[in-house]
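Data first, discussion second: the structure below is written as structure tokens.
The values are calculated or read from the model by the stated rules, or taken from the named source; none is laboratory data. Not measured: the values here are computed from a predicted model. All Cβ positions, glycine included, derive from the backbone under ideal geometry; neighbour counts span all protein chains shown.
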Amino acid sequence: MSLPDKNYPYRINDFFECKDAERCKKAMGDNPYSFNNFFEWRENVDWYRDDPFIQKVVKYFTSEKWEDVDRAAREISSKVSFRWRDMARAISWPEKRPYMIHYDDHNNRIDRIVRPRETEIMEQEVFSEKLFSSETTPWTRLIKMFLIYQNSEACITCPVACTEGLVAMLERYADTPELKQILQHCKEGVDGDFGIGAQFLSEIQGGSDVPANVLEAVEEDGTWRLYGTKFFCSAAHADYALVTAKPAGSEKVALFVVPSWLPGNKEREIRNGYTIDRIKRKMGTCELPTAELTYNGAVAYPVGPLERGLANVVGVVLTHSRLIIGLSSAACMTRAVREAKKYSELRDAFGIPIGKFPMVIVQLRELEKTSKRTTAAAFKVYSEFLKLEEGLKGGLASEEPEEARKKRFNVRELIMLEKITTSWDSTDVIRVAMSIFGGHGLMECFSSLPRLYRDSAVNELWEGPRNVLLAQIHRDMQRVSEWYKPSEFIEDILHGADPEVVRKFSKGIVELVSHPSFLVPDEKTMEICKRWDNFCHDLFHAYQNIALAEVEGSFSAEG
């Protein structure tokens, strides 16, 4: 089987062996129907230049910085929409998935992760964009990432998100020569090479239950070393990892930076006191090596106060990752809807384009609305995050004025609401978009949407599954209720919504938050849990509608 080239027509012999090639060719020759008009459009569409809506979003949220951000978006879009798109498509085939070589020819343990050359080239080119450099503004970084993420994971989304979290931690706590050097490598690069980060939190007893970690950190002769196993380690090929561990004799979770190789050892393939035991097989993000690791004395550098490890994981590291999930969900929806809409215009059935059938019109309208409001809200949440000094600070700082605490709390909850809502909506949107293609929607030789769908489903689980974050939001509301009423929270985040909408959500949250706990498995609690799930989903949709109305309204006023 051969991979189609950039301008491939849809040829029968590209994808399966025909027992009677001449007859097949004759049959195809007698049938004039072709998908070449759709392929030609898809191969030549520029994801930023040809998308008026994302240009509106960028202009609205970046205001006076718009021209610089727009220029950067157009420049990277010419790479993302064509060269990197083709690389992402090429590396998605099963035969190109990463695999392990545990030993070299002389029986030395090396644990080499083998990835396609296209992956390595694209990764180098993406990180050379200096996404986390002081030269790159936050809004420029955001739009670049939005466009990059339209290629879905492609062994890029996770490493970019994890590197951002690592840089954010080191910008606060890099106080040793080693940590400062790692920050320089990841942020500005060293001789054109940019360090890549990962985060290894999960252990076999639970991913979200970080306090249950048993990986041990031991200080030996002034050097911290790690002992134990991690169970879900994505971006296992990274240069550095943020790793949670408990210092010996303590029940507090600390946070460490662990280099994959100590200085001078990368070229010799001598890993830093750990083994990569195996690569996981996953439903999605298949280009991304996710592994089980065993630490056997790996050198580790503490980052931040040892007793603040868990707070910094949640408040800093996971915050950035969850923001990325909201952004990448919007990006994948955007691509899926764009391609489904154009296909409906060019695909004829029963003598007319399928895009003229009322059922398809209704579906496309809903898909486009969901895609647009998700994108607008991703930028709106990010704008609120940027307004916070020092981000979420790893928790609510009790010494802050009450209004500052409320704003920080709002952003914390919005990020979790965005994560669970957009990752859920993304799978729905992509699934319906695939259905508009009919059978071709499932054919990976025809479309990238099946890959986007699988990757989107994985995003539902990364950085806290839905049930965990719903319970966390409920606990958060109860925890602050003495100084921040749930109804006031609703009024603040839904500012600008129809008053009746605000009243409905205010009434609902007061009743639901008053339920004492989600830990008692009785019928009443389970009924409240079901209602809380629907409530939170609808609440963030209401927030998204405000964001979309702001973007559309600003340009209606201009017009």
Any chance ALA349 is aliphatic (A, V, I, L, M) and buried (at least 18 other Cβ atoms within 10 Å of the Cβ)
no
Output yes when any residue across the range 296-315 is without any contact (Cβ under 8 Å) to a residue 60 or more places away in the chain, closer than 29 Å to PRO450 by Cα and acidic (Asp, Glu), and no when none is.
no
Would you mention how many residues in the range 276-306 are more than 19 Å from the chain's Cα centre (by Cα) and either among the aliphatic types (A, V, I, L, M) or outside the structural domain of ALA235 (by TED's automatic domain parsing) (or both)?
8
Kindly provide the set of residues from the range 241-256 that are in a strand (DSSP E or B) and crowded, with 24+ Cβ neighbours inside 10 Å, ordered by number.
ALA241, LEU242, VAL243, THR244, ALA245, ALA254, LEU255, PHE256
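To keep it simple, each residue is scored yes or no on (1) in a helix (DSSP H, G or I); (2) in contact with a strand residue (DSSP E or B) (Cβ under 6 Å, 6 or more places away or on another chain); (3) without any contact (Cβ under 8 Å) to a residue 12 or more places away in the chain; (4) over 27 Å from LYS380 (Cβ atoms).
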| residue | (1), (2), (3), (4) |
| --- | --- |
| VAL502 | yes, no, no, no |
| ILE509 | yes, no, no, no |
| LEU512 | yes, no, no, no |
| HIS515 | no, no, no, yes |
| THR525 | yes, no, yes, yes |
| LEU539 | yes, no, no, no |
| ALA542 | yes, no, no, no |
| VAL551 | yes, no, no, no |
| SER554 | yes, no, no, no |
Can you find a residue in the range 47-54 that is under 30 Å from LEU293 (Cα atoms), surrounded by fewer than 17 Cβ atoms within 10 Å (Cβ to Cβ) and touching a residue at least 12 places away in the same chain (Cβ under 8 Å)?
no
In the range 200-230, how many are modelled with pLDDT of 95 or more and within 12 Å of ALA291 (Cα to Cα)?
3
Just to be sure, is ARG308 assigned to a helix (DSSP H, G or I), modelled with pLDDT under 95 and in contact with a Lys or Arg (Cβ under 7 Å, 6 or more places away or on another chain)?
no
Extreme residue, surrounded by the most Cβ atoms within 10 Å (Cβ to Cβ), among residues of the range 490-507 that are in contact with a Ser or Thr (Cβ under 9 Å, 6 or more places away or on another chain) and closer than 17 Å to ARG412 by Cα
ILE490
